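The values are calculated or read from the model by the stated rules, or taken from the named source; none is laboratory data. If you're wondering where the values come from, they're calculated on a predicted model, not measured in any experiment. Every residue, glycine as well, gets a Cβ built from its backbone with ideal geometry; the counts of neighbours run over all protein chains shown.
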Amino acid sequence: MLCTLILPTSGKAFVDGHDIVKEEKEVKTSIGLVTGEERSFYWRLTGRQNLKFFAHLYNLSPSEAQRRIDEVLEFAGLKEKADDRFYSYSAGMKQRLAIARALLNDPKILFMDEPTKSLDPIAAQNLRDFIEKIVREQGKTVFLSTHNLTEAEQLCDRIAFINKQIKAYGTVNELRKMMAGRGEIYVIEVKNINRRTLIH
């Protein structure tokens, strides 16, 4: 709904001060959307060709599109692989290209739907570092959905737990205080484990 892909059945929502129903166009110009869906790219096109196609959908002029494509490829660390076909990219590179695509229109807000869900642990951490770089260097607001609590703790200033509706909301420390004393805590102690096993 916040990305204007579906209409709300009731109530109101605003993104960057714009009503998602009455000011849909203004909302779309201020956001970028990143999903874990690789099928939204053209696999036989190169990374650069994919970005050119999406830049056209954003109504960027050819010169502006070229400038933005060069900038986002550089920022995403894909400049050297820009002219390789999308199907040859690793899962982590595909996700970085998805983020580069979302940055084409220089949005204020990025919506990310489980961006690390299909990645191995190292690629996932690399992508989390990249998301932190977006916030730090470009000043974007990132709205992230994840089932990974460690990821939420690393990346998010504020966290909301949702089960049909928001059940809890706050900073990591506020949520910890809220949950203190609830439930049971189990401590698992492991002895004589091979260090190499822990690494793998």
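This table checks each residue for (1) out of contact with any Phe, Trp or Tyr (no Cβ under 8 Å at 6 or more places or on another chain); (2) of a type in the set (D, E); (3) modelled with pLDDT of 90 or more.
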position	(1), (2), (3)
D106	yes, yes, yes
E151	yes, yes, yes
I166	yes, no, yes
Y186	yes, no, no
_I'd like to know if region 51-66 contains one or more residues that are closer than 23 Å to S145 by Cβ and of a type in the set (F, W, Y)._
yes
*Number of positions in region 108-154 that are surrounded by 17 or more Cβ atoms within 10 Å (Cβ to Cβ) and of a type in the set (G, A, S)*: 3
*In region 32-51, what residues are within 22 Å of F130 (Cα to Cα), in a helix (DSSP H, G or I) and modelled with pLDDT of 95 or more?*
G47, R48, N50, L51
_Residues satisfying the stated conditions in region 53-107, i.e. in contact with a Ser or Thr (Cβ under 8 Å, 6 or more places away or on another chain), surrounded by fewer than 18 Cβ atoms within 10 Å (Cβ to Cβ) and not in a helix (DSSP H, G or I)_ = D83, D84, R85
*State which residue is farthest from Q66 (Cα to Cα) when the search covers only region 21-40 and only residues that are crowded, with 21+ Cβ neighbours inside 10 Å and hydrophobic (A, V, I, L, M, F, W, C).*
V27
_Checking M112 against (1) in a helix (DSSP H, G or I); (2) closer than 25 Å to T4 by Cβ; (3) touching a residue at least 12 places away in the same chain (Cβ under 8 Å); (4) not acidic (D, E), only one condition comes out false. Which one?_
(1)
*What are the pairs, 6+ residues apart or on separate chains, where a residue within region 137-163 that is without any contact (Cβ under 8 Å) to a residue 24 or more places away in the chain has its Cβ under 8 Å from a residue that is part of a loop (DSSP other than H, G, I, E, B) and crowded, with 16+ Cβ neighbours inside 10 Å?*
A152/T146
*Go through region 118-139 and give me each residue that's farther than 15 Å from G77 by Cα, part of a helix (DSSP H, G or I) and charged (D, E, K, R).*
R136
*With (1) under 25 Å from S118 (Cβ atoms); (2) surrounded by fewer than 17 Cβ atoms within 10 Å (Cβ to Cβ) as the list, and G47 as the residue in question, which single condition is left unmet?*
(2)
*Give the residue that is farthest from M112 (Cα to Cα), with candidates limited to residues of region 1-31 that are touching a residue at least 40 places away in the same chain (Cβ under 8 Å) and in a strand (DSSP E or B).*
V15
*Does region 134-153 contain at least one residue that is in contact with a strand residue (DSSP E or B) (Cβ under 9 Å, 6 or more places away or on another chain) and more than 30 Å from G92 (Cβ to Cβ)?*
no
_Output for region 142-172, where each listed residue is assigned to a strand (DSSP E or B) and closer than 16 Å to M112 by Cβ_ = V142, F143, L144, S145, I159, A160, I162
*Select, from F75, F86, F130, the only residue that is of a type outside the set (S, T, N, Q), in contact with a Gly (Cβ under 7 Å, 6 or more places away or on another chain) and more than 23 Å from V27 (Cα to Cα).*
F86
